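Enquirer: Supplied in structure tokens, the structure appears directly below.
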Amino acid sequence: MVPPHQAPTLARQDPAVPIRPADADEPILRVEGLSRRFGDRTALDGLSFSVRAGEVFGLLGPNGAGKSTAFQILACTLRADSGRLYFHGRELSVEDPSLRAQMGVVFQKNSLDEQLTAQENLVLGARLYCLPRAAIRARVREMLELIELAPRAKERVAKWSGGMRRRLELARALVHRPRILLMDEPTQGLDEASFRKFWAYLKALQAQEGLTILVTTHRAEEAEQCDQLAVLDSGKLVALDSPSGLASRIGGDIITVEAIDLAQAERLLRTRFDLSPTVIDGRLQVERRDGHLLIPRLVEAFPPGEVISINLRRPTLADVFLKLTGHALGTDTLTVQSDA
């Protein structure tokens with residue numbers, strides 16, 4: 001174990017020397033016992049997980065779960081108090097230049113220079129990663145075409161929509177051809193159309209560039225895009241599984257009841273139907289296999305005019321999180337302008 005306030009250390013590798021190829025069954029990234037405290041608060045408590053080459057791996061949890069702390073440590077902007085990090089089977093310090101050179105990073109907050117054009121932002125990113133000058137122009141042009149913004153390459157990004165900026169940040173993070181892409185809440189605040197377009201571009205780039213992706217998110221619909229998920233709560237890992245594996249932990253359909261007298265409705269569900277409802281946003285929510293068979297009985301059981309609505313749906317990862325932790329993931333409060 002590493003002493004507090006020190007990153008894991010190893011002899012540094014010359015960034016010009018490539019990291020050896022990984023075995024087929026060896027994770028590209030492995031984290032063991034990652035911990036970090038801020039004063040009396042534990043932000044991460046012994047987090048461990050592995051990411052395999054070519055997969056989309058998600059850290060799912062609400063604000064304060066420890067996702068962004070883990071992201072900052074992996075992005076080499078924050079020291080861990082303890083833990084070990086392995087990249088292609090070799091233990092590395094988060095300060096090792098050979099690690100940084102293999103990663104592309106999309107931060108939660110906008111990091112573009114709004115006074116530069118799209119092309120200039122990509123050129124700047126390429127130079128920061130020391131791409132050969134002769135290769136920069138072709139690579140920048142290639143990335144602008146991939147995100148379908150080549151016709152607007154000479155425009156300053158100050159007046160661009162949130163979705164367009166996010167696509168440009170994605171292109172800048174990939175301009176140096178990294179092996180792994182880190183993204184911290186990449187669709188925070190995006191509307192539904194921009195969200196879908198961003199992930200469509202991301203999946204296309206993943207296939208073309210051979211990317212491994214690690215993403216932090218509190219959005220259930222974004223977590224559904226992942227191959228594997230680490231569910232975090234209060235800095236601790238509470239579940240590690242595929243989205244379908246996590247969803248299978250819900251025992252059937254989700255029924256939501258909105259009633260005039262919530263307390264009376266809850267008593268009725270408990271006593272007459274032996275259900276254990278949870279109150280969420282002023283509504284009662286229960287799990288029930290073959291929920292469509294229960295709804296007619298519920299309608300008949302309530303006094304006339306007592307029920308405002310009864311809804312049936314399949315479980316989501318937000319429901320899984322609620323069941324695992326006892327509280328909700330949370331939702332976006334900001335919607336930005338959609339793509340132009």
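The values are calculated or read from the model by the stated rules, or taken from the named source; none is laboratory data. Note that the structure is a prediction, hence the values are computed from the model and not measured. Don't worry about glycine lacking a Cβ; one is built from the backbone with ideal geometry, like all the others, and counts go over all protein chains shown.
Enquirer: For the range 60-95, which residues satisfy the criterion of being over 18 Å from the mean Cα position of the chain (by Cα) and small (Gly, Ala, Ser)?
Expert: Ala80, Ser82, Gly83, Gly89, Ser93 - these are the residues of the range 60-95 that are over 18 Å from the mean Cα position of the chain (by Cα) and small (Gly, Ala, Ser).
Enquirer: Checking the condition of a type in the set (D, E, K, R) and either exposed (fewer than 12 other Cβ atoms within 10 Å of the Cβ) or without any contact (Cβ under 8 Å) to a residue 24 or more places away in the chain (or both), which residue from Asp290, Asp253, Asp319 passes? Write out each step before concluding.
Expert: Values: Asp253 fails: either exposed (fewer than 12 other Cβ atoms within 10 Å of the Cβ) or without any contact (Cβ under 8 Å) to a residue 24 or more places away in the chain (or both); Asp319 fails: either exposed (fewer than 12 other Cβ atoms within 10 Å of the Cβ) or without any contact (Cβ under 8 Å) to a residue 24 or more places away in the chain (or both).
Criteria check complete, one pass: Asp290.
Here's the yes/no breakdown for (1) touching a strand residue (DSSP E or B) at 6+ places or on another chain (Cβ under 9 Å); (2) of a type in the set (Gly, Ala, Ser); (3) at pLDDT 90 or above; (4) closer than 26 Å to Gly54 by Cβ:
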position: Leu122; (1), (2), (3), (4): no, no, yes, yes
position: Arg127; (1), (2), (3), (4): no, no, yes, no
position: Arg133; (1), (2), (3), (4): no, no, no, no
position: Ile136; (1), (2), (3), (4): no, no, yes, no
position: Arg139; (1), (2), (3), (4): no, no, yes, yes
position: Leu144; (1), (2), (3), (4): no, no, yes, yes
position: Arg152; (1), (2), (3), (4): yes, no, yes, no
position: Trp160; (1), (2), (3), (4): no, no, yes, no
position: Arg172; (1), (2), (3), (4): yes, no, yes, yes
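Enquirer: Out of curiosity, is Asp332 at pLDDT below 90, acidic (Asp, Glu) and more than 12 Å from Thr256 (Cβ to Cβ)?
Expert: Values: at pLDDT below 90: yes; acidic (Asp, Glu): yes; more than 12 Å from Thr256 (Cβ to Cβ): yes.
Criteria met by Asp332.
Enquirer: With the requirement that a residue be surrounded by 16 or more Cβ atoms within 10 Å (Cβ to Cβ) and of a type outside the set (D, E, K, R), what does the range 130-145 give you?
Expert: Residues satisfying the conditions are Leu131, Ile136, Val140, Met143, Leu144.
Enquirer: Can Thr187 be described as in contact (Cβ under 8 Å) with a residue 60 or more places away in the chain, closer than 25 Å to Gly64 by Cα and crowded, with 20+ Cβ neighbours inside 10 Å? Give the derivation first.
Expert: Details: in contact (Cβ under 8 Å) with a residue 60 or more places away in the chain: no; closer than 25 Å to Gly64 by Cα: yes; crowded, with 20+ Cβ neighbours inside 10 Å: yes.
The answer is no for Thr187.
Enquirer: Is it the case that Phe87 is in contact with a helix residue (DSSP H, G or I) (Cβ under 9 Å, 6 or more places away or on another chain) and either at pLDDT below 90 or among the β-branched types (Val, Ile, Thr) (or both)? Don't jump to the end; show me each part of the working.
Expert: Working: in contact with a helix residue (DSSP H, G or I) (Cβ under 9 Å, 6 or more places away or on another chain): yes; either at pLDDT below 90 or among the β-branched types (Val, Ile, Thr) (or both): yes.
Taking the combined requirement at face value, the residue satisfies it.
Enquirer: Name the single residue, out of those in the range 47-80 being among the hydroxyl-bearing types (Ser, Thr, Tyr) and out of contact with any Pro (no Cβ under 9 Å at 6 or more places or on another chain), that is nearest to Thr187 (Cα to Cα). Don't jump to the end; show me each part of the working.
Expert: Of all residues in the range 47-80, those among the hydroxyl-bearing types (Ser, Thr, Tyr) come to 48, 50, 68-69, 77.
From the residues that got through so far, the ones that are out of contact with any Pro (no Cβ under 9 Å at 6 or more places or on another chain) too are 48, 68-69, 77.
Details: Ser48: 25, Ser68: 14, Thr69: 18, Thr77: 21 Å.
Looking at residues that are among the hydroxyl-bearing types (Ser, Thr, Tyr) and out of contact with any Pro (no Cβ under 9 Å at 6 or more places or on another chain), I get Ser68.
Enquirer: Kindly indicate the residue of the range 175-205 that is among the acidic types (Asp, Glu) and not in a helix (DSSP H, G or I) and also farthest from the chain's Cα centre (by Cα) among those meeting that condition.
Expert: So the first thing to find is which residues in the range 175-205 are among the acidic types (Asp, Glu), and the list is 184-185, 191-192.
If we keep only those that are not in a helix (DSSP H, G or I) too, we end up with 184-185, 191.
On the way: Asp184: 6, Glu185: 6, Asp191: 16 Å.
It comes out as Asp191.
Enquirer: Touching a strand residue (DSSP E or B) at 6+ places or on another chain (Cβ under 9 Å), closer than 30 Å to Phe71 by Cα and part of a helix (DSSP H, G or I): does that describe Glu222? Let's see the steps before the verdict.
Expert: On the way: touching a strand residue (DSSP E or B) at 6+ places or on another chain (Cβ under 9 Å): yes; closer than 30 Å to Phe71 by Cα: yes; part of a helix (DSSP H, G or I): yes.
When the stated conditions are applied, Glu222 passes them.
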